[in-house]
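This report refers to the structure that appears directly beneath it.
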Amino acid sequence: MRRLFVSIAFVLLAASVMAGVSVSKRYRSERNKEREVRKSTEFIILHTTEAAEKSSLRHVSERGLCHYCVTPSGAIYQIIDRHRVAFHAGCSMWNAKEEIDKHSIGIECVGYHDKVMPRKQLNAIRDLVAELQAIYGIPDDKVLTHSQVAFGEKNKWQKRRHRGRKRCGMLFAMPSVRGVLKLDSRPAFDPDVKAKRLIVADKYLNSVLYGSLDTMVKTYGKATIKKVDPTKSKLVKADPKKKGITGEVNSRPASAKFKIIPQSIAELNAQGFKAVGVVSKKKLPLNIVGKHWNSKDTYYSIRGRVIPGNIVDPKRFEEGMTIWRKPTK
């Protein structure tokens with residue numbers, strides 16, 4: 001399928017630079033409207049995107065896969081409002097608590113689990129984490145990596161549920177990196193492995209998360225990090241003076257009824273959307289729906305995937321994309 005590289009001018013909104021932690025709403029996800037309000041906040045989960053910046057931001061925004069995304073330049077983008085549920089942890093468990101999405105804030109960091117990150121990026125992560133810790137009363141040892149909470153179900157290679165499915169965010173468990181992030185402690189062991197709810201399937205990963213292996217020490221220097229018993233760790237007192245983060249959207253829903261964003265052609269049909277045209281070399285979105293090409297009420301479908309018009313990437317329009325809108329009255 002050949003791609004059509006369409007050049008369309010549009011305005012990009014960014015948060016103004018102010019004192020303290022500031023975020024941009026440029027990539028705020030449309031999925032906010034369908035996400036429930038989180039009932040508890042006990043953890044901060046650090047991820048690595050394992051991809052380049054542009055593709056990472058586009059992906060997490062389209063799917064609502066985290067609350068914040070931090071780039072190598074130190075820019076912080078709000079994806080899902082911090083009081084709502086973001087789908088970032090997947091199949092997850094910590095100290096017998098499953099579905100960590102419902103109890104945590106997820107931060108995606110553009111980069112890779114085993115590669116050095118720029119100081120600007122780590123400093124931005126440090127400031128964001130510190131602000132969230134103060135707001136929610138989260139201790140250092142409950143700032144975890146995705147690799148610490150993710151687990152895999154038993155399969156033909158592993159006879160039991162197991163740790164080791166992902167190495168995502170692995171470097172954030174290393175003492176040298178936690179030192180840069182001003183995190184003074186980390187879990188001493190995996191509570192679910194110790195309780196035999198899970199087994200270790202990746203011994204190398206386990207040695208990074210709870211052992212002495214630190215591949216970043218030459219870059220960031222040695223740091224002494226206290227090891228804490230995760231079964232006894234508790235939330236600390238939150239800071240009542242903390243009101244939020246500059247540029248952030250935190251409006252709570254007026255009711256429990258949200259607009260459900262269609263994620264399939266069946267849902268488009270069920271909500272009254274109609275196919276109004278198909279993208280081709282001769283018919284670009286601008287030719288088919290005019291100024292509505294990037295409206296939140298316009299949707300694109302291709303190979304079973306549905307993309308809202310206000311977050312579609314104009315450089316990724318393809319021949320064969322179907323455009324959907326509701327008939328005007």
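Every read-out reported here was derived from the displayed coordinates using simple, explicitly stated rules and does not represent laboratory data. Treat the numbers as computed from the prediction; the structure is a model and nothing was measured. Ideal geometry is used to build each Cβ from the backbone, glycine not excepted, and the neighbour counts take in all protein chains shown.
Each principal axis of the range 265-325 carries a Cα extent, and these read 29, 23, 18 Å when sorted largest first. Measuring between their Cα centroids, the range 169-228 and the range 309-329 lie 45 Å from each other. Between Arg84 and Arg38, the built amide H atoms are under 5 Å apart, and every one of these is 5 or more places off in sequence or on another chain. For the range 19-228, the relative contact order comes to 21 percent (Cα pairs under 8 Å, sequence separation of at least 6). The GNM of the chain, with springs linking C-alpha atoms under 10 angstrom apart, assigns the highest mean-square fluctuation among Gly290, Gly74, Gly137 to Gly290. Annotation for the range 126-188: chymotrypsin sites (Phe, Trp or Tyr not before Pro) lying in DSSP loop with at most 16 further Cβ atoms inside 10 Å of their Cβ are Trp157. In summary, the aspartates and glutamates within cross-link reach of Lys39, defined as a Cα separation below 15 angstrom excluding same-chain residues under 8 places away, comprise Asp81, Glu98, Glu99, Asp101.
Report the calculated FRET efficiency for Arg316 and Lys222 (r = Cβ-Cβ distance, R0 = 56 Å), to the nearest 0.05. Display every interim value, and only then the final one.
Numbers: r = 45 Å, r/R0 = 0.80.
Efficiency at R0 = 56 Å is approximately 0.80.
Determine one quarter of the surface area of the Cα convex hull of the chain, which equals its mean projected area, and express it in nm² to one decimal. Provide the component values of the computation, followed by the final result.
Numbers: hull surface 77.6 nm².
Taking a quarter of the hull surface, the average projection is 19.4 nm².
Relative contact order (percent) for the range 265-325, with alpha-carbon contacts under 8 angstrom and 6 or more residues of separation? With pairs under 8 Å counted, the relative contact order is 45 percent. Taking the chain as a Gaussian network of alpha-carbon nodes connected by springs under 10 Å, the highest mean-square fluctuation of the residues Ile44, Ile100, Ile311 belongs to Ile311.
Placing a label point 7 Å from the Cα of Lys274 along the Cα-to-Cβ direction, the residues of the range 305-327 whose backbone N falls under 18 Å of that point are 322-327.
Among Val276, Val228, Val70, the largest mean-square fluctuation in a Gaussian network model of the chain (Cα springs under 10 Å) belongs to Val276.
Expressed in nm to one decimal, what extension gain is obtained for the pair Arg119 and Asp297 from 0.36 nm per residue of sequence separation less their Cα-Cα distance?
Values: separation 178, 0.36 × 178 = 64.08 nm, distance 4.04 nm.
Length difference between fully extended and current span is 60.0 nm.
What is the helix-to-structure angle for 53-63, meaning the angle in degrees between its Cα long axis and the longest Cα principal axis of the chain, kept from 0 to 90 and rounded to the nearest 10? Taking Cα atoms only, the helix is inclined about 80 degrees. Taking 35 Å as R0, compute the FRET efficiency from the Cβ-Cβ separation of Lys25 and Lys156 and round it to 0.05. About 0.20, to the nearest 0.05.
Kindly state, to the nearest 0.05, the FRET efficiency for Val249 paired with Lys203, given R0 = 35 Å and r defined as their beta-carbon distance.
Working: r = 43 Å, r/R0 = 1.22.
After rounding, the FRET efficiency stands at 0.25.
Structure note, pairs Lys97/Lys142; Lys142/Lys237; Lys194/Lys218; Lys54/Lys291; Lys33/Lys142: Cα-Cα distances above 20 angstrom occur for Lys194/Lys218; Lys54/Lys291; Lys33/Lys142.
The long axis of helix 119-136 is offset from the longest Cα principal axis of the chain by roughly 80 degrees.
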